[in-house]
Amino acid sequence: MFGLIDGNNFYVSCERVFNPKLNGRAVGIMSNNDGCIVARSNELKALGVEMGTPAHHVRHLVDRGEVILYSSNYELYGDMSHRVQATLEQETAGVEPYSIDEMFVRMDGFTPEGLLEHANSLHWKIPRYTGIPVCVGVAATHTLAKLANRIAKKHPGYPGVCILHAESDEAKHLLQQIDVGDIWGIGRRLNERLQILGIKTAWDLREADAKRLRRKFSVNMERTVLELRGISCLEMNDLHEPKKRIMTSRSFGRPTPHLHDLQGAIRQHAQRGAEKLREQQSLARAVLVFLKTDRFRPDLPQYSPSLVVEMERPSQDTRDILHAAQEALRKIYRPKYSYKKAGVMMLDLTDENRQQLSLMDTPQTEEERQRSHKLMATMDALNEKMGKGTVRLGLPEKNAPWHLRCAHRSPRYTTNWDELMVAHAK
Amino acid sequence: MSHAIVLVPAPHPIGLPLPYPLAHGRAGISGFPSPAQDYEERTLDLNQRLVRHPTSTFFMKVEGDSMEGLGIRHGDLLVVDRAIEPRPGHVLVALIEGEITVKRYATIDGEPCFCSANPRYAPVPITDRDCQVWGVVTAVIHELLTR
């Protein structure tokens, strides 16, 4: 059985752990490189603000105090993701990170009651230990687990936890309520084509003729049908919601401590990731790199780090992706550990056509943007080296885009000694 | 007539760790453990001592003087663990009326409350609505030579 655990509104939840005043508020996180909103709290969603909205479109709401915007704080999000993952590693038989906020776990050998108990325990333990609220979906295949997770998130009858037993009446009833377009791997085009064939719900797809669909569509469609029936046949690398994230990873046949080997693997993953981006006309705003030692060798020292590097600008260029990935690897690599697995994720994707529009909106040339970005980076570096507040922004440049003028990234509460959360003794 | 021995699995088997080969080297060709093994290289790691649960442990900085009586002073570093179940007597970090505050969890005449360690600050009775535990303070670090 697979469990899919994902953080609710992950970036916003990270901010709320250290700033509880944000609870209940409309909060958005904006990307540093293009000023678009990459994460929203439920309250912000309720205001009708879409993903990828340029920040200045909600400027009036921010000025009125109805919406709070933060610049993305990947150091914090990466660290919190790591904590969630490490907690899951302690509590389960194995964790496969799928994205910065979604992880698969193995849940084998449980009775049905034991399974529910285990899923419930993960549901309360993760927020208790890390502060991040999660939903837990469990089923015999990745595709069904993803659906179960969705039910756990949205269906009032399954608050936070949902277990789908493929052959049960309960599963049938639930699958009949799910649109076929909401299934993993079924994008808009495939959805349209399936609808024409009269396949409208997840149940319809499950009941369809798998071989016939393979001929009409692809082998992956056949596999999706089988997965809906409870037959696991999709590998992690086959799974993707193309428009949301891309993940490439591989386990080494023989674990290796050598940076050279890791660089080679990361290069391959980064190149493949960039290719996939271009194939689907997406740009990535950030890149996450992770390494894992073999947890089934507790006699060997364990070290499974990860790091997110934000891109200078959203990109699908292999050079940019490669550069970011290698930088992340250099920072997390430590010698003498025997690594079993390496992976690269493309995060916070944006459509390349939409990107053009948003750039046209912001009244700033590429050169000015780069200068602003360099200025911010230099400021950060100086402050880090010489103490907080060494360099401060004076009056904001009149021509600087609004999102940079109002931009504030929350403190790096868990990765910087000078930016710790404050506990008031009062 | 043969007596078949029926092995019945224990209803609640105790989990035993799988044996694995120890990666220690051994001195001496005879196979007897070397006395030198008692002096294996060790370093004292503060992290290991102070951070029992890395995934649920966070650091915070103290601002204010309400806990001076317990040796928690303005500017000190707190080691806060979210995994520990709070009990009376623990020093906690809690969300009290929207603010992250450090207090001691105690009972006064059987009623639970958040207390300070400074006569200038009165105890706060706990009402579920306003107070929420963030984590338990396991250690305070007071640095004498600051960077």
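Here are a few things to note about the model shown:
- Proximal charge balance of A:Ala210 [Cβ under 14 Å; K/R count +1, D/E count -1]: +3
- Loop sites in segment A:45-101: GluC sites (Glu not before Pro), DSSP, at most 16 other Cβ within 10 Å: A:Glu50, A:Glu66
- Counting every other Cβ atom within 10 Å of each residue's Cβ, B:Ser116, A:Ser306 order from fewest to most as A:Ser306, B:Ser116.
- For A:Ser168, A:Ser71, A:Ser338, B:Ser56, order by how many other beta-carbon atoms lie within 10 Å, fewest first: A:Ser168, A:Ser338, A:Ser71, B:Ser56
- Taking other residues whose beta carbon is less than 11 angstrom from the beta carbon of A:Arg25, and scoring Lys, Arg as +1 and Asp, Glu as -1, yields -1.
- Angle between chain A longest axis and helix A:259-279 axis [Cα atoms, degrees, rounded to 10]: 80 degrees
- Build a GNM of chain A with springs between Cα atoms under 10 Å apart, and of A:Leu190, A:Leu205, A:Leu347 the one that fluctuates most is A:Leu190.
- Under Stokes-Einstein, with the Kirkwood radius over Cα pairs as Rh, the value for chain A at 10 °C and 1.306 mPa s is 69 µm²/s.
- Set of aspartates and glutamates with alpha-carbon distance to A:Lys331 below 18 Å, sequence-local pairs under 8 removed: A:Glu75, A:Asp79, A:Asp261, A:Glu310, A:Glu312, A:Asp320, A:Asp380, A:Glu384
- Residue exposure proxy: B:Tyr121, A:Tyr339, ordered by other Cβ atoms within 10 angstrom of their Cβ from fewest to most, comes out as B:Tyr121, A:Tyr339.
- Inter-chain shielding of B:49-57 (mean C-beta neighbours from other protein chains, 10 Å cut-off): 4
- Among A:His118, A:His269, A:His165: highest mean-square fluctuation, GNM of chain A, C-alpha pairs under 10 Å: A:His118
- Over segment A:1-100: Rg over Rh, Cα atoms, Kirkwood Rh: 1.03
- A cut-off of 5 Å between modelled amide H atoms, ignoring neighbours fewer than 5 places along the same chain, links A:Gly94 with A:Arg106.
- Across chain A, C-alpha contacts under 8 Å between residues 6 or more apart give a mean separation that, scaled by the residue count, equals a relative contact order of 16 percent.
- Across peptide A:84-90, the mean count of Cβ atoms from other chains lying within 10 Å of each residue's own Cβ comes to 2.
- Inter-site label distance for A:Trp124 and A:Met379 at 7 Å from Cα along Cβ, in nm: 4.5 nm
- Contact order, relative form, for segment A:122-275: 18 percent (alpha carbon pairs under 8 Å, 6 or more residues apart, mean separation divided by residue count).
- In percent, rounded to a whole number, the relative contact order of segment A:44-182 is 12, using alpha-carbon pairs under 8 Å and six or more apart.
- For A:Ser71, nonlocal amide neighbours, meaning residues 5 or more places apart or on other chains whose placed amide H falls under 5 Å from its own, are A:Met30, A:His408, A:Arg409, A:Ser410.
- Highest-fluctuation residue, A:Cys14, A:Cys233, A:Cys135 considered, GNM on chain A with Cα pairs under 10 Å: A:Cys233
- 10 Å Cβ neighbours from other chains, averaged over peptide A:412-423: 5
- Overall Cα dimensions of segment A:196-309, principal axis frame, Å, largest first: 53, 36, 20
- Counted over segment B:73-147 with a bin width of 10 Å, the fraction of Cα pairs per bin, in whole percents, is 19, 50, 26, 5, 1.
A short reminder: the numbers here are calculations on the coordinates, not readings from a lab. Predicted model only: the values in this text are computed from it and were never measured. Cβ atoms come from the backbone with ideal geometry, glycine included; neighbour counts cover every protein chain shown.
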